[in-house]
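Report on the following structure.
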Amino acid sequence: MAEQEIRKIGVLTSGGDAPGMNAAIRAVVRSALSKNMKVYGVHHGYNGLLEDDIEEMHIRSVSEIIHRGGTVLYTARSPEFLTLQGQQTAAANCRKHGIEAMVIIGGDGSFRGAKDLSAQEVPCVCIPGTIDNDIACTDYTIGYDTAMNTALEMVDKLRDTMLSHDRCSVVEVMGHRAGYIAANIGLAVGALVTVVPEKPLDVDKDIVSKMKFTKKMGKKHFIIIVAEGAGSAEQMAKEIEEKSGIEARPTVLGHVQRGGAPTVRDRVAATRFGYQAVELLSKGITDRVIGLRADDLVDFDIDEALSMKKSLDLSLLDINATLSV
Ligand code: ATP
């Protein structure tokens, strides 16, 4: 709990950008102004605190951004902030502007940074913003829904061409450590097989044999979805083609999944998170990570949030395995 009323806050976006971050920034800025707080935007994540790249924000600073992907505050990964000296410099620059608390929008790395900033006496509230949905204390992270809808649209387009050529399409979607995007896209497009980091598969046994079996039953084209953390689409397509004799083409969707106008779900979640961050700070509640559980807003101590585990519901893969024949 902060001892004094917080009158000046800052906001930054850190780590990978995610569609909906702008809606969260808008909500933080306007909620703070509605409570007569001053609010400062920090550019380029923690680098902006180190380099004093900080601007005061006003009502119109966040006009016309609710529908835009990316982040108007820019984002970065900041190796320098990992050092104690970097953290001290960042806190000193906060003090220079009178910033008493920060709202940090990012993933769990950014939350670790928030903990360190807090140790330098700049308390923080964190908002989960990452397309990967891999933050344990929340069911939902900003950008996840938009990224999935983008991937869905791309795979639907690929499907048209794969179908015309009787090919196999191996599509790599984002997800280094977690297969949330892959598992849901696999189900949504009816992929023959979905490969996620949580459940390694054998190409021969789990993919090629299923292709051969379904081919005998009349299937002519095949979609395989692979999360980037579970393998490379290029290697997998090569192996599949060699072992099955069916032409297989890799597609890496890559950063296209990070862009675009945020969906309703992302804008609503981001707006609720941003509003709630300021509510907490206005009550002197700090060092929390905000989340959604069963669509209710929740918040946890940063340490507790970072220690939580979240696991992908592997039944999504089982359902898909039954239906994709
Ligand atoms: P994404 O999920 O998109 O990768 P993230 O927030 O997890 O987002 P990271 O690159 O892990 O992305 O972290 C963003 C930044 O947070 C880092 O560049 C660094 O400045 C800061 N950070 C990460 N880990 C720590 C840490 N242990 N201590 C201090 N700062 C950290």
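Of all residues being in contact with a Ser or Thr (Cβ under 9 Å, 6 or more places away or on another chain) and of a type outside the set (Val, Ile, Thr) in the stretch 149-164, which is surrounded by the fewest Cβ atoms within 10 Å (Cβ to Cβ)? Just the residue, please.
Ranking the qualifying residues of the stretch 149-164, first place goes to Arg159.
Determine which member of the set Pro123, Pro128 is within 12 Å of the chain's Cα centre (by Cα) and within 19 Å of Ala277 (Cβ to Cβ).
Within the list Pro123, Pro128, the selection yields Pro128.
For the stretch 1-87, which fully contained strands (runs of 3 or more DSSP E) count at least 1 residues that are free of Cβ contacts under 8 Å to residues at least 24 places away in the same chain?
Those strands (runs of 3 or more DSSP E) span 54-57.
Evaluate the stretch 123-134: report whether one residue or more is surrounded by fewer than 18 Cβ atoms within 10 Å (Cβ to Cβ), of a type outside the set (Asp, Glu) and either in a loop (DSSP other than H, G, I, E, B) or near the ligand (Cβ under 10 Å from one of its atoms) (or both).
No, there is no match, as no residue in the stretch 123-134 is surrounded by fewer than 18 Cβ atoms within 10 Å (Cβ to Cβ), of a type outside the set (Asp, Glu) and either in a loop (DSSP other than H, G, I, E, B) or near the ligand (Cβ under 10 Å from one of its atoms) (or both).
Only one of Leu317, Leu312 is open to solvent by less than 40 Å² (accessible area, probe 1.4 Å) and assigned to a helix (DSSP H, G or I). Can you tell me which?
Leu317
When you look at Glu56, is it away from the ligand (no atom under 16 Å from the Cβ) and at pLDDT 95 or above, yes or no?
Spelling it out, Glu56 is indeed away from the ligand (no atom under 16 Å from the Cβ) and at pLDDT 95 or above.
Can you work out which of the residues in the stretch 112-122 that are open to solvent by less than 10 Å² (accessible area, probe 1.4 Å) and either of a type outside the set (Gly, Ala, Ser) or out of contact with any strand residue (DSSP E or B) (no Cβ under 8 Å at 6 or more places or on another chain) (or both) is nearest to the ligand (Cβ to nearest atom)?
Among residues in the stretch 112-122 that are open to solvent by less than 10 Å² (accessible area, probe 1.4 Å) and either of a type outside the set (Gly, Ala, Ser) or out of contact with any strand residue (DSSP E or B) (no Cβ under 8 Å at 6 or more places or on another chain) (or both), the one nearest to the ligand (Cβ to nearest atom) is Leu117.
Do we have any residue at all in the stretch 29-47 that's within 16 Å of the ligand (Cβ to nearest atom), open to solvent by 70 Å² or more (accessible area, probe 1.4 Å) and within 24 Å of Ser118 (Cα to Cα)?
Checking the stretch 29-47: at least one residue is within 16 Å of the ligand (Cβ to nearest atom), open to solvent by 70 Å² or more (accessible area, probe 1.4 Å) and within 24 Å of Ser118 (Cα to Cα).
The values are calculated or read from the model by the stated rules, or taken from the named source; none is laboratory data. Just so it is clear, the model here is predicted, and its values are computed rather than measured. Reconstructed Cβ throughout: ideal geometry from the backbone, glycine too, with neighbour counts over all protein chains shown. The area values use the complete protein model at the heavy-atom level, side chains included, leaving out ligands, DNA and RNA. Shrake-Rupley method; radii C 1.70, N 1.55, O 1.52, S 1.80 Å.
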